[in-house]
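> The structure is given below, and queries will be raised subsequently.
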Amino acid sequence: MKVDSFPLEELGRLRIRILVIGIAVVLVFSLLAARLWYLQVIQGSQYADYAQGNRIRIVSDPGLRGVIHDRNGVVLAENRPAYQLQLIREDTPDWRASVATAAEALHLSHNELVQRVKQTKGQVPFQPIVLVDDLDYQKAMLVETYQEEFRGISIVVKPRRYYPNKAVLSHALGYVGITSEKLAHLPAKRRFSSEIEGKAGVELVRNKMLIGTDGGRQVEVDHLGRELKTLSELVPSIPGKDLHLTIDARLQKIAFDAMGEQTGAVIAMNPKTGEILALSSLPSYDPNLFSGGIDPKEWQALLNNPQHPLENKAIQGLYPLGSIFKLVTAYAGLELGAISPDITHTCNGEFYIPGRSTPYRCWLEKGHGTLSVVDAIKQSCNVFFYNVGTDVGVDALHEYASWFGLGKQTGFILPNEKAGLIPSTEWKRRTFGEPWYLGETPTISIGQGYVSVTPLQVLNMVNIVANNGVWAPPRLLLDESIRPSVNLGLSQELLGILRQGMVAVVNAPGGTATRVRFADFIVGGKTATSQVISLETRDSLSEEDRKKREFQDHAWFVAYGPAEDPEISVLVLVEHGGGGSRVAAPVARAILQFYIDTIATPRQNARTTPSGAMPPTSLAYRTRLQTAFLP
């Protein structure tokens with residue numbers, strides 16, 4: 001076809017089409033060029049980071065929490081490896097398929113895993129998502145072995161708090177839990193380590209010392225997100241400070257086991273130094289339950305338990321003291337002149353006060369006969385101390401009890417220590433708007449009525465008696481400075497009379513705790529049965545009904561030894577256990593027996609004692625005991 005024969009109109013339209021196509025081509029390539037420029041220039045650094053993130057990543061290395069030891073170096077709280085199942089969404093083309101594979105292979109809940117991933121929507125790219133926090137070892141090894149089948153999923157080892165003794169030491173050690181609300185306020189270098197913080201016990205009060213300092217390292221990973229090698233150690237992590245407690249793990253186990261299924265508290269101390277050798281509150285709990293976040297059902301079970309396993313009964317339980325309070329009454333009577341070592345009272349089983357027709361009764365219905373103060377302590381006669389208490393009055397009892405540390409906090413390191421109560425006329429007027437009545441004093445004289453104390457206060461009081469009036473504040477940490485001992489200015493002569501009575505309780509015929517007697521380790525002690533119902537209610541009951549109510553009474557026993565130079569003091573409280581000599585004293589004997597056999601300074605004849613050695617239970621001392629107590 002000839003050009004000159006081609007219509008001019010068609011030629012014009014062809015030129016227009018070529019122009020439009022050309023413009024379109026130029027526009028398309030311009031858009032592509034602009035997009036390429038945007039990706040390479042504007043977002044180039046971002047995508048470079050993504051690409052680098054596929055190969056090189058920063059892995060945090062949390063500082064390990066400090067280890068807690070007993071006084072002999074035995075580990076009480078440490079860190080074990082926990083295997084986390086983690087997902088990085090950017091390491092798999094289909095995270096749902098990866099999650100489904102993991103759920104099927106590891107027998108996990110598919111819905112729970114999916115929900116955990118969905119909850120992290122919008123988080124920073126390449127941020128690990130924890131699917132399972134503490135995976136079983138065999139399952140973790142399955143993932144490691146068949147890593148090719150688990151795209152984007154890996155096993156990461158994290159430290160987990162572990163308590164080898166489980167429930168044996170829970171109230172002293174406390175437990176840890178997961179926290180998040182405080183992390184934003186912490187320095188970045190302590191943020192990961194602080195995800196776990198102490199919630200109770202030593203773990204709480206020394207949490208800042210136990211927390212480590214975080215580190216980190218740069219690692220290279222493959223296309224599956226598996227770590228190939230460490231490229232550089234950016235900052236090494238630093239573990240938290242280790243702690244050493246005054247606790248002796250062996251003695252602690254004996255105390256825990258000796259209580260069996262009974263509820264209450266057991267404390268063993270060195271009366272000279274205030275060091276806590278054992279501290280149990282029963283029932284207990286396993287602090288390992290909290291390490292990775294406690295199951296809500298288990299938490300509710302602990303909260304709803306009527307025996308209150310989370311309460312540290314040694315410092316938070318408030319109880320009427322019962323007959324151990326008679327030591328305070330005896331000291332007040334001796335110092336104020338209401339009695340002397342030679343003055344006696346006669347117990348016929350009943351005690352009357354003016355204006356009251358119903359008598360206050362002794363625990364021994366027929367009465368104890370004529371007693372000195374040492375005899376009264378030995379046999380725990382109520383009537384003797386009714387007489388002394390009403391003679392000195394409630395305000396004197398309040399004052400002397402305060403001197404011995406009752407009714408106030410000891411300043412112990414563990415949190416939430418309670419003060420208790422020793423009543424006075426001022427307290428009753430302030431609390432009830434009423435005067436104090438004489439008829440209320442006899443019950444206070446024997447540690448009943450309004451009296452409420454903690455077990456630690458009671459052992460603290462016995463330590464003061466055993467240590468000749470010197471108070472050594474209770475102490476739980478070996479690593480920290482000691483609060484200085486305080487001489488309370490009490491009469492050494494009068495304290496000696498109290499100790500004589502306590503030694504008679506265990507070693508003399510008629511004593512209320514002769515089952516705790518040892519041949520070569522002289523123990524002083526005191527039993528008590530604190531009544532949950534009032535004396536008035538008890539006295540109105542028949543003998544048969546009173547025996548039925550005995551199961552409600554709390555059983556106490558305190559002891560120290562050796563009597564002439566104490567190394568150990570022990571307190572046992574059994575809630576609703578009945579008689580102290582029957583229930584609490586055998587627990588104390590088991591603790592003392594272990595101490596004598598395993599820990600105590602060897603007892604030997606004074607004539608063969610090496611220079612500078614701890615004074616033994618000498619033949620001379622045993623001879624004096626036999627002269628004083630045996631027929």
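The values are calculated or read from the model by the stated rules, or taken from the named source; none is laboratory data. Keep in mind the model is a prediction, meaning the values are calculated, not measured. A quick note on method: Cβ atoms are made from the backbone with ideal geometry, for glycine too, and the neighbour counts reach across all protein chains shown. In case anyone asks, the SASA skips ligands and DNA or RNA and just uses the protein heavy atoms, side chains included. Shrake-Rupley method; radii C 1.70, N 1.55, O 1.52, S 1.80 Å.
> Counting only residues that are of a type in the set (Val, Ile, Thr) and either free of Cβ contacts under 8 Å to residues at least 24 places away in the same chain or not in a strand (DSSP E or B) (or both), which one in region 250-285 is nearest to ASN487 (Cα to Cα)?
So in region 250-285, the residues of a type in the set (Val, Ile, Thr) come out as 254, 263, 266-267, 273, 276.
From the residues that got through so far, the ones that are either free of Cβ contacts under 8 Å to residues at least 24 places away in the same chain or not in a strand (DSSP E or B) (or both) too are 254, 263, 273.
Working: ILE254: 32, THR263: 35, THR273: 13 Å.
Ranking the candidates gives THR273 first.
> Just checking, does region 125-134 include any residue being in contact with a strand residue (DSSP E or B) (Cβ under 7 Å, 6 or more places away or on another chain), open to solvent by 60 Å² or more (accessible area, probe 1.4 Å) and over 18 Å from ASN79 (Cα atoms)?
Checked region 125-134: no residue is in contact with a strand residue (DSSP E or B) (Cβ under 7 Å, 6 or more places away or on another chain), open to solvent by 60 Å² or more (accessible area, probe 1.4 Å) and over 18 Å from ASN79 (Cα atoms).
> Identify, from the list GLY349, GLY337, the residue that is on the phi > 0 side of the Ramachandran plot and in contact with a Gly (Cβ under 7 Å, 6 or more places away or on another chain).
GLY349
> Only one of (1) surrounded by fewer than 18 Cβ atoms within 10 Å (Cβ to Cβ); (2) part of a strand (DSSP E or B) fails for THR527. Which number is that?
Going through the list (1) surrounded by fewer than 18 Cβ atoms within 10 Å (Cβ to Cβ); (2) part of a strand (DSSP E or B), THR527 breaks only (1).
> Is there a residue being open to solvent by 50 Å² or more (accessible area, probe 1.4 Å) and not aliphatic (A, V, I, L, M) anywhere in region 308-320?
Yes, there is a match, as at least one residue in region 308-320 is open to solvent by 50 Å² or more (accessible area, probe 1.4 Å) and not aliphatic (A, V, I, L, M).
> Let me confirm something: among SER98, SER109, which residue is open to solvent by 50 Å² or more (accessible area, probe 1.4 Å) and modelled with pLDDT of 75 or more?
Details: SER98 fails: open to solvent by 50 Å² or more (accessible area, probe 1.4 Å).
On inspection, the qualifying residue turns out to be SER109.
> In region 296-307, how many residues are part of a loop (DSSP other than H, G, I, E, B) and open to solvent by 70 Å² or more (accessible area, probe 1.4 Å)?
Qualifying residue count, region 296-307: 2.
> Another question, then. Identify all residues within region 422-471 that are farther than 22 Å from VAL373 by Cβ, open to solvent by less than 10 Å² (accessible area, probe 1.4 Å), in contact (Cβ under 8 Å) with a residue 40 or more places away in the chain and assigned to a helix (DSSP H, G or I); write none if there are none.
Hits for region 422-471 are PRO455, LEU456, GLN457, LEU459, ASN460.
> Can you go through TYR352, TYR331 and tell me which one is of a type in the set (Ser, Thr, Tyr) and free of Cβ contacts under 8 Å to residues at least 24 places away in the same chain?
Numbers: TYR331 fails: free of Cβ contacts under 8 Å to residues at least 24 places away in the same chain.
Of the residues listed, the single one that is of a type in the set (Ser, Thr, Tyr) and free of Cβ contacts under 8 Å to residues at least 24 places away in the same chain is TYR352.
> Something else about it: For VAL374, indicate whether it is open to solvent by 20 Å² or more (accessible area, probe 1.4 Å), part of a helix (DSSP H, G or I) and aliphatic (A, V, I, L, M). Walk me through how you get there before you give the answer.
Values: open to solvent by 20 Å² or more (accessible area, probe 1.4 Å): yes; part of a helix (DSSP H, G or I): yes; aliphatic (A, V, I, L, M): yes.
Yes.
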